[in-house]
Amino acid sequence: MADGEVPAARYFELAWRPQASAAPSIGLFRERVGDPDYLLAMVVPPVVAAVERRRAREAIFVLDTSGSMAGASIEQERAALIVALDGLKPGDRFNVVRFASDATALFRAPVPADA
């Protein structure tokens, strides 16, 4: 460890995952710099409970298919839609609406996000 002050000359990234727990974790850190005290309080909610409480979502994806989206723009839009659809979970519902000079929905109503 360096003695004295160390300049923040580059970025620092700390990657951390809390352990799965049924109870919240609490941490309190204190540092005195000169006369004042500095505190950092951290509360991590229970990981297991958060997964159990996830509610089903309904997502409506709106795609611009007008002439201005030709080329790379429409390809990026399609790729983004695939990522969004892959993120849907069982119980979620979705629909896709296409618009240009008019608009049409893929389904009459949102459908389950299953195979």
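A few points about this structure:
- Test: residue in the range 85-99 that is of a type in the set (Lys, Arg), in a loop (DSSP other than H, G, I, E, B) and surrounded by 10 or more Cβ atoms within 10 Å (Cβ to Cβ): no
- Any chance residue 13 is without any contact (Cβ under 8 Å) to a residue 40 or more places away in the chain, exposed (fewer than 10 other Cβ atoms within 10 Å of the Cβ) and assigned to a loop (DSSP other than H, G, I, E, B): yes
- Where a residue in the range 58-84 is without any contact (Cβ under 8 Å) to a residue 40 or more places away in the chain and closer than 17 Å to residue 107 by Cβ and its partner, wherever it lies, is part of a helix (DSSP H, G or I) and charged (D, E, K, R), with Cβ under 7 Å and at least six apart: 63/77
- Restricting attention to the range 24-71, the residues that are assigned to a helix (DSSP H, G or I), farther than 20 Å from residue 101 by Cα and at pLDDT 85 or above total 0.
The values are calculated or read from the model by the stated rules, or taken from the named source; none is laboratory data. Because the structure is predicted, anything quoted here is derived from the model rather than measured. Cβ coordinates were reconstructed from backbone atoms using ideal geometry, including for glycine residues, and neighbour counts include every protein chain displayed.
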